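The values are calculated or read from the model by the stated rules, or taken from the named source; none is laboratory data. As the structure is a computational prediction, the values presented were derived from the model and not from experiment. All Cβ positions, even for glycine, are placed from backbone atoms using ideal geometry, and neighbour counts span all protein chains on display.
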Amino acid sequence: MMESLEAGGMDCVKSERRRMVNEHHRDGVYTPNPNDLYEPDFRRWGLTEARKHDGRLIKVVAPNIDILCVHDYKVVYLLRDTLEIQQSFYAAFGKEHPIKSIDESIKESLAVLRNRRDVQLITMNYTDVLDDPKKCLSRLDWPFDIDKAVQIVDPKHYRFQADRLVA
């Protein structure tokens, strides 16, 4: 999603580590470094830092949603099969992540977002974005070129599909 919106012309906040990794993965597939945070450290963000990034994309993984400072956010929450999340997590970090923990994290993060008055929440299913990116991205009232954004969506990068995984 991030790469797609960025290709469509939106500015994206990236940690220095992510910039370095992306330079080595020119195929558009992002693989995080398990020894470092791959996104900005939101624990250090106050309102001044949040305002500095107005209008920019920020990727936040579910466990970090509750540490975002109060500000106006437009959030796209990608829903994905928990088995796929578990396999993806293991491939990226080499650690098991129990399904129950994943389910709880998803429920908690969605509850946090739905209860915040400073959040406009849009949920999308990961597979729907791959199947019909134009339809999904057209739901966003954001300043980007949708035709350029959909060109970057590549179902071949859907590496952890539930119907192909071994439980």
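For E108, work out the one condition from (1) over 15 Å from the mean Cα position of the chain (by Cα); (2) closer than 20 Å to G8 by Cα; (3) at pLDDT 85 or above it doesn't fulfil.
Going through (1) over 15 Å from the mean Cα position of the chain (by Cα); (2) closer than 20 Å to G8 by Cα; (3) at pLDDT 85 or above one by one, E108 breaks only (2).
Hey, can you tell me all the residues within the range 131-163 that are modelled with pLDDT under 90 and either polar (S, T, N, Q) or assigned to a helix (DSSP H, G or I) (or both)?
P155, K156, H157, Q161, A162, D163
Can you pull out the residues in the range 117-157 that are under 12 Å from V76 (Cα atoms) and without any contact (Cβ under 8 Å) to a residue 12 or more places away in the chain?
D141
Quick one: what pairs do we get from the range 59-71, first residue over 22 Å from E6 (Cα atoms), second aromatic (F, W, Y) and not in a helix (DSSP H, G or I), C-beta under 7 Å, 6+ apart or different chains?
C69/W45
Give all pairs with beta carbons closer than 8 Å in which a residue from the range 93-104 that is farther than 18 Å from L78 by Cα meets a residue that is at pLDDT 85 or above; count only pairs at least 6 apart in sequence or on separate chains.
These pairs meet every condition: E96/Q86; H97/I85; H97/Q86; P98/Q86.
Is it the case that the range 63-81 has a residue that's at pLDDT 75 or above, part of a loop (DSSP other than H, G, I, E, B), within 14 Å of the chain's Cα centre (by Cα) and not aromatic (F, W, Y)?
Within the range 63-81 (the criterion being at pLDDT 75 or above, part of a loop (DSSP other than H, G, I, E, B), within 14 Å of the chain's Cα centre (by Cα) and not aromatic (F, W, Y)), the answer is yes, since at least one residue qualifies.
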